[in-house]
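The numbers here are math on the coordinates, done by the rules we state, and not lab data. Here the structure is a predicted model, which means the values were calculated and not measured. Quick reminder, even Gly has a Cβ in these numbers, built from the backbone with ideal geometry, and neighbours come from all protein chains shown.
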Amino acid sequence: MFLFSKPDIEQLIKNFESNEVDHIPVAKLFIPRTSFIWLVTEVDPNEPLNATALYDAGDGVISLAEVNLGEILHRGYELGPMVQRDPRFVGKYPVSVYLRAALHCGYITDQDLLINRFKNPFGLSP
């Protein structure tokens, strides 16, 4: 199973090697029929199973952290349905915007109507 295309991998590595920390997510991974969601922003080229992602297990705890792609795949295997990539997801905002929206909503969302309210960290109108 391939979760990332070659251009995705190139972007994930580029994000890892940059000095920035607030990257636009490259891919959305999920386990069908569960609440597990990961918005992946970067991958360590020296340890390709180590990634950074905004993570939601559906338990009310949402975090931006290092994740192990091998463990994600294993978790999908344990739960029955395999880990999938959302082919409709296109990252539009820095991960901090998705994080603010998720903390407010209680879950990771990529719905523009919800996320637009969190593009400005101080909630001020442009």
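Dipole of the chain, Cα-centred, from +1 at each Lys and Arg C-beta and -1 at each Asp and Glu C-beta, to the nearest 20 debye?
The dipole magnitude comes to about 520 debye.
Cross-link partners among lysines for Lys14, C-alpha distance below 23 Å, same-chain residues fewer than 8 apart left out?
Counting by Cα, and skipping residues close in sequence, Lys14 has these lysines nearby: Lys6, Lys28, Lys92.
What is the projected area of the convex hull of the Cα atoms of the range 9-84, averaged over all directions, in nm²?
Reported value for the Cα convex hull: 4.9 nm².
Starting from the Cα coordinates of the range 35-121, work out the convex hull volume and express it per residue in Å³.
Once divided by residue count, the hull of the range 35-121 is 102 Å³.
First select every other residue whose beta carbon is under 14 angstrom from the beta carbon of Phe30; then total the charges, Lys and Arg +1, Asp and Glu -1.
Spelling it out: positives minus negatives among the neighbours equals +2.
I'd like the trypsin sites (Lys or Arg not before Pro) in the range 28-87 restricted to DSSP loop residues with at most 16 other Cβ atoms within 10 Å, sorted by number.
The qualifying sites are Arg33.
Starting from the 7 Å offset along Cα-to-Cβ, what nm value, one decimal, do you get for the label separation of Arg88 and Ala65?
2.9
For Cα pairs less than 8 Å apart in space and 6+ apart in sequence, what is the mean separation divided by the residue count of the chain, i.e. the relative contact order in percent?
The normalised contact order for the chain reaches 22 percent.
Would you kindly state how much longer the chain becomes between Asn50 and Cys105 on full extension, computed as 0.36 nm times their sequence separation minus their alpha carbon distance, in nm to one decimal?
Here the answer is 17.1 nm.
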